[in-house]
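Take a look at the structure below.
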Amino acid sequence: MKRIIAAISFLLLPLYFSVLFAQKNKPVPPREQCATMAHLEDILKHDPALKARFNQQLQMFNKTVALKSAKQLGVDSIATVNGNTYTIPIVFHIVATNPDIVTDAQILAQLDVLNKDFSGTNTDAASLPAYFKPLFGKSGIQFCLAQRTPDGENTNGIDRFRTTKKSFSNDKDSVKHAALGGVDIWDGTKYFNVWICTLSNGLLGYGTFPNDGAPLGQGVVIDYRTLPGGSFKNYNEGKTLTHESGHYFNLYHIWGDDGGACTGTDYVDDTPNQGNSTSNCPSGLKTDNCTTDGNGILYQDYMDYSFDPCLLLFTNGQVVRMESALLTYRSSLTVSNACTPIVLKALDAQLKTIDAPVKRICTNSFSPIVTIRNKGSQTLTSLMINTVIDNGAPVNYTWTGSIVSLTNTSVTLAALTITPGIHTIQIFVSAPNAANDENNKNDTLTTTVQYYDAVETITEGFEGNIFPPQAWDIVNPDDGITWQKATGIAKTGNASVVINNVNNFNIGEQDYLRLPELNLVNIDSAYLNFQLAASTFTPTSTADNNWDTLEVLISKDCGATYTSIYKKWGATLVTTASENTDPFIPKASEWRKDSVNLTGFINAGKVMLAFKNTTGNENNVYLDDINIRTQIINPNLKAAGFLVTPNPARNNIKVQFYPNPVNLKSIQLYNLVGQKLAETDIGSGGGNVAYDFDVRRYPAGIYFVRVVFANKILIKKVIKQ
């Protein structure tokens, strides 16, 4: 259905995408089968550079495919287009409140359907009309169930995960993220990931294009009811996965998603022009407004929306396009060893994780905690564990116990001491059962840890050359977009810190900017003050949206647990008058000073503060001028609750209260003969902690400050010099 010649189609691509991305977060209508185009829109909507790059790569790819098609489509149409077979490892992530609702037999049946549909060995193809048989393509792409996990253990390619979420949607893409109740992708360069779940709004599935700029979301999502034998009537023969896999290998809908205008394209020459998607299951020759004669439209194509029994083929042109996409964008899948089972060695001790220390410690002494996994076939009974700090001498630890094959144990090592600063810690295991480890590739892990003494105040504007500043750190669990220094953008000075939410598609991911440890002692009040600039991509009036969320957390146990003491999102977070559809860069007027009262944590021991960003893929959030402001109350004021200073005075006197006065009505100044010289009326709003009086115009002598409460009067004598 290449409805216009290639040269013209390249010129119209910007127009095509301007229409495609004109609406943000376009909802999938009820019973819309495939949300791939809406999902693509969601990915590209925030990033003009990504959209331009996608557009450019699509044009280049189309030229390449056009050349290949011209050379290859002269071969026998019933043969594989280029004669090669490509075997792709596939993993099925079943994400459900009861993942056993999908049986292994259904997965095997689905895999069989997928392989037959791609290879053109599906028996139902016999019903394809004779006039379309010359178009019938056989791809060399085949799929095998993964036999090893990304961390090198055996699997059957079926990954079951029990979630608390009853359903998922395409706009949030949460089924692909553990932080949102889903399952994180297995390495997308080695596995074809398929997520099976309950999708909302009657949606059947959606896929990703190979160059859409979302590496952590690559793969296909389908509703479990579309599997062979599923409960979606007319859509339960496994063709949904075939359709979405076509998108994964760069196929577009056969009707071009142009709303019936007959000017769109699926970039394939041998598919007939078609106005809209097909519903139901037609029979015989069918024409429409775009193809009014001849053999009609190809409603039997997997990239249409016909009922499953009607879907019979990929065309030769589509096969060329899919295999070209595989070799251009996903070639690493063809050399992946993920379908080769792991053969256990006899002795293989793995240092699986360093569980402590993690990033930061708050005392100079610590005991490393590690997880040891037995990846060999023999039971482990002894092991040497060695720790090296900053390339120093190894500290040896001999472990004895019992770890049976393919199980773990936690080991706490001997205590170590470090000086203030950032240190490299390397831990490695050796001599399992006093013999040689047959696989030393998993014996060693390295981490960094920082330790600094606690401070009593913080003033940070990010103007220095080091980021994060000394004694600060960043926790970035997904190793993706996180807090970074922004030069040339600031409330004051020339720098601030920013998190680029507008380009972070991993909705729900959390990143922490942690301040130095604080020792809030020998003070009477403490406040965290900071400058904030934030905007959204979506109007803040939008309901049921994933907003960027900023929190201030406090920890009393060196970051092991946190309490949220400040939380803003959406309309409460933004500092702009309206949303921004470009990456947000604040003007001078678009900063706001926010403050958090820390007084309740005084004398609670050492504490740690952290700014936590939870991305909603909205827009950038900036911080600047982060300060801890502390105050020490005059002990005489604390004792009396009411103080006038200085006394004697020459120019001004300050009337102070501690704590904030209740039922205060007025403050009056009298001379020695009882004449009222000045008065501050408090009204009904309650009192402040301090009031000033200018006494310069009064002659030297004795005066009285009279403080009137609703239920009492206090008087202090003041000497004016």
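The values are calculated or read from the model by the stated rules, or taken from the named source; none is laboratory data. Remember, predicted model here, so these are calculated numbers, not experimental data. Positions of Cβ are generated from backbone atoms using ideal geometry, with glycine treated the same way; all protein chains shown enter the neighbour counts.
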Given (1) at pLDDT below 95; (2) out of contact with any strand residue (DSSP E or B) (no Cβ under 6 Å at 6 or more places or on another chain), number of the condition ASN619 does not satisfy: (1)
Hits in the stretch 104-132 (condition: part of a helix (DSSP H, G or I), among the aliphatic types (A, V, I, L, M) and closer than 13 Å to PHE314 by Cα): LEU114, ALA125
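From ALA639, ALA678, ALA649, ALA700, grab the single residue that is touching a strand residue (DSSP E or B) at 6+ places or on another chain (Cβ under 9 Å), exposed (fewer than 14 other Cβ atoms within 10 Å of the Cβ) and hydrophobic (A, V, I, L, M, F, W, C).
Working: ALA639 fails: touching a strand residue (DSSP E or B) at 6+ places or on another chain (Cβ under 9 Å); ALA678 fails: exposed (fewer than 14 other Cβ atoms within 10 Å of the Cβ); ALA649 fails: exposed (fewer than 14 other Cβ atoms within 10 Å of the Cβ).
Of the residues listed, the single one that is touching a strand residue (DSSP E or B) at 6+ places or on another chain (Cβ under 9 Å), exposed (fewer than 14 other Cβ atoms within 10 Å of the Cβ) and hydrophobic (A, V, I, L, M, F, W, C) is ALA700.
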Some residue of the stretch 635-652 being in the same structural domain as ILE554 (by TED's automatic domain parsing), among the hydrophobic types (A, V, I, L, M, F, W, C) and in contact with a helix residue (DSSP H, G or I) (Cβ under 9 Å, 6 or more places away or on another chain): no
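Looking at ASN603, ASN660 in this structure, which one is of a type in the set (S, T, N, Q), loosely packed, with under 14 Cβ neighbours inside 10 Å, in a loop (DSSP other than H, G, I, E, B) and in the same structural domain as ILE474 (by TED's automatic domain parsing)? Reasoning before the result, please.
Values: ASN660 fails: in the same structural domain as ILE474 (by TED's automatic domain parsing).
Criteria check complete, one pass: ASN603.
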Subset tally (residues that are over 16 Å from ASN211 (Cβ atoms) and in contact with a strand residue (DSSP E or B) (Cβ under 9 Å, 6 or more places away or on another chain)) for the stretch 32-66: 4
Matching option when the condition is touching a residue at least 12 places away in the same chain (Cβ under 8 Å), surrounded by 22 or more Cβ atoms within 10 Å (Cβ to Cβ) and among the β-branched types (Val, Ile, Thr), among VAL475, VAL552, VAL497: VAL497
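So which residues in the stretch 588-613 are within 22 Å of ALA490 (Cα to Cα) and in contact with a strand residue (DSSP E or B) (Cβ under 9 Å, 6 or more places away or on another chain)? Give the steps one after another, and end with the answer.
In the first step, residues of the stretch 588-613 are kept if they are within 22 Å of ALA490 (Cα to Cα); the result is 588-596, 609-613.
The answer is GLU590, TRP591, ARG592, LYS593, ASP594, SER595, VAL596, LEU609, ALA610, PHE611, LYS612, ASN613.
Looking only at strands (runs of 3 or more DSSP E) that lie completely in the stretch 396-459, which have at least 1 residues being in contact with a Cys (Cβ under 8 Å, 6 or more places away or on another chain)? Break it down into steps so the answer makes sense when it comes.
Details: elements: 408-412, 421-430, 444-451.
The qualifying strands (runs of 3 or more DSSP E) are 444-451.
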Residue within the stretch 570-588 that is surrounded by fewer than 18 Cβ atoms within 10 Å (Cβ to Cβ), at pLDDT 95 or above and in contact with a Leu (Cβ under 8 Å, 6 or more places away or on another chain) present: no
Residue within the stretch 474-490 that is under 19 Å from GLU618 (Cβ atoms), of a type outside the set (A, V, I, L, M, F, W, C) and out of contact with any strand residue (DSSP E or B) (no Cβ under 8 Å at 6 or more places or on another chain) present: yes
Only listed residue being modelled with pLDDT under 95 and assigned by TED's automatic domain parsing to the domain that holds LEU135, chosen from SER306, SER331, SER279: SER279
Residue match in the stretch 240-252 (condition: acidic (Asp, Glu), farther than 21 Å from ASN170 by Cα and not assigned by TED's automatic domain parsing to the domain that holds GLY508): no
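Filter the stretch 621-657 for residues that are assigned to a helix (DSSP H, G or I) and either among the acidic types (Asp, Glu) or without any contact (Cβ under 8 Å) to a residue 40 or more places away in the chain (or both) and give the result.
First pass over the stretch 621-657, keeping only residues assigned to a helix (DSSP H, G or I): 635-640.
Those that are assigned to a helix (DSSP H, G or I) and either among the acidic types (Asp, Glu) or without any contact (Cβ under 8 Å) to a residue 40 or more places away in the chain (or both): PRO635, ASN636, LEU637, ALA639, ALA640.
Table: residues versus (1) buried (at least 16 other Cβ atoms within 10 Å of the Cβ); (2) modelled with pLDDT of 90 or more.
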{"position": "LYS63", "(1), (2)": "no, no"}
{"position": "GLY74", "(1), (2)": "no, no"}
{"position": "ASP117", "(1), (2)": "yes, yes"}
{"position": "ALA126", "(1), (2)": "no, yes"}
